[in-house]
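These notes are about the structure you will find just below.
The values are calculated or read from the model by the stated rules, or taken from the named source; none is laboratory data. Just so it is clear, the model here is predicted, and its values are computed rather than measured. Heads up, the Cβs are rebuilt from the backbone with ideal geometry, glycines too, and the neighbour counts pull from every protein chain shown. Surface areas here come from the heavy atoms of the whole protein model, side chains and all, with no ligands, DNA or RNA. Shrake-Rupley method; radii C 1.70, N 1.55, O 1.52, S 1.80 Å.
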Amino acid sequence: MADFRGTYTIMVTPFDAEGNVDVPTLERYVDWQIESGIHGLIPLGSTGEFMSMSDDEIALVARIVIDRAAGRVPVLIGTTAEDTRAAVRLSRRAEAQGADGVMVLPPFYCTPTDDELFLHYRTISDAIGIPIMVYNNPAVANVDLKPPLVARLSQIDNCRYIKESTLEVTRVRDIMRLSEGRMAVFGGIMGFESYVEGAVGWAAVPSNGAPREMARLYDLVMAGQLAEARALAFRHFPMIDFVAGQSYVAGTKALLAAMGLPVGAPRPPRLPMGPEGIAAARRLVDELGLKIQTTTA
């Protein structure tokens, strides 16, 4: 069973001028992330706009990221679906493509019960032999996987990780305690704070634009250099805030464009950043020194 640790980027999906998946840019982006020291990659999460993509496109992005990473870092594929059977199919395909794990939101909209959620994740687990990162994001899923339920889910063989995306950072502690260490926690929003509480990783949006710096945050905390880690986090909070909230996809894509790695516009109904947002992205790039000087072709 894989052992996931560190800062993993919740990747954007690059689109070209016609709105199709931009494969050359995706390959360049994967190389740059890895060369910058990121610890892992997670395509096809919410930031990757998976809900606005066809099944063929989802399979394409998963294959490109897995093949391009070529074992240099772990790759977890987002395989969320409302229908348990569809989530099983996506997870099986990701495993066949060579994924190291999958990340799965609970079924959204239907507000499943605890028993239904347990069945959903157990069914996926029974179908694959790679780890599942359970993804708790009640703001988008209409379901809140609270620590007692997460502890129950930790009894499922492959449910070994959770991305905890609430602002209640003490959940990191409670999940670790109630699951008796069976469920390893990745922060979803509060990276530095989650690390301090004992998280083993951060499934991060900000590392789209600052992979080296966000990976270093983990390294500093693990080395016990909390003052340096806090200073690094505080310096980058304006950028972290810029890619948070409602404009996380548009903000991340605007930031990457300002850095010299344009990845296209979001898909409707998401709108790209307007002039003020683009100007703010450029200011952040200048202030933090994020401009990309060289990248792999």
Only one of these is touching a helix residue (DSSP H, G or I) at 6+ places or on another chain (Cβ under 8 Å) and buried (at least 19 other Cβ atoms within 10 Å of the Cβ): THR84, THR123, THR80. Name it. THR80
Since LEU41 meets every condition but one in (1) at pLDDT 95 or above; (2) open to solvent by 10 Å² or more (accessible area, probe 1.4 Å), which condition does it not meet? (2)
Of all residues being touching a residue at least 40 places away in the same chain (Cβ under 8 Å) and acidic (Asp, Glu) in the stretch 9-34, which is surrounded by the fewest Cβ atoms within 10 Å (Cβ to Cβ)? Just the residue, please. ASP16
Select from the stretch 126-141 the residues that are surrounded by fewer than 14 Cβ atoms within 10 Å (Cβ to Cβ) and touching a Ser or Thr at 6+ places or on another chain (Cβ under 7 Å) and list them in ascending order. PRO138, VAL140
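Looking at the stretch 218-250 only, could you name the residues that are of a type in the set (A, V, I, L, M, F, W, C), part of a loop (DSSP other than H, G, I, E, B) and without any contact (Cβ under 8 Å) to a residue 40 or more places away in the chain? Can you show your working first?
Pass one, the stretch 218-250, residues of a type in the set (A, V, I, L, M, F, W, C): 220-223, 226-227, 229, 231-234, 237, 239-240, 242-244, 249-250.
Applying the additional criterion that residues be part of a loop (DSSP other than H, G, I, E, B) yields 223, 243-244.
Within the stretch 218-250, ALA223, VAL243 meet the criteria.
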Taking the stretch 274-293 and keeping residues open to solvent by 100 Å² or more (accessible area, probe 1.4 Å) and either touching a residue at least 60 places away in the same chain (Cβ under 8 Å) or touching a helix residue (DSSP H, G or I) at 6+ places or on another chain (Cβ under 8 Å) (or both) leaves ARG282, GLU287, LYS291
Considering the stretch 251-267 alone, what residues qualify as being in a loop (DSSP other than H, G, I, E, B), open to solvent by less than 40 Å² (accessible area, probe 1.4 Å) and among the aliphatic types (A, V, I, L, M)? LEU261, VAL263
Picked from the stretch 1-23 (must be touching a Ser or Thr at 6+ places or on another chain (Cβ under 8 Å) and of a type in the set (A, V, I, L, M, F, W, C)), the residue nearest to VAL65 (Cα to Cα) is MET11
Failed item in (1) open to solvent by 20 Å² or more (accessible area, probe 1.4 Å); (2) not in a loop (DSSP other than H, G, I, E, B), with LEU271 passing the rest: (2)
Filtering the stretch 189-198 for residues that are under 21 Å from SER46 (Cα atoms) and open to solvent by less than 10 Å² (accessible area, probe 1.4 Å) leaves a count of 2
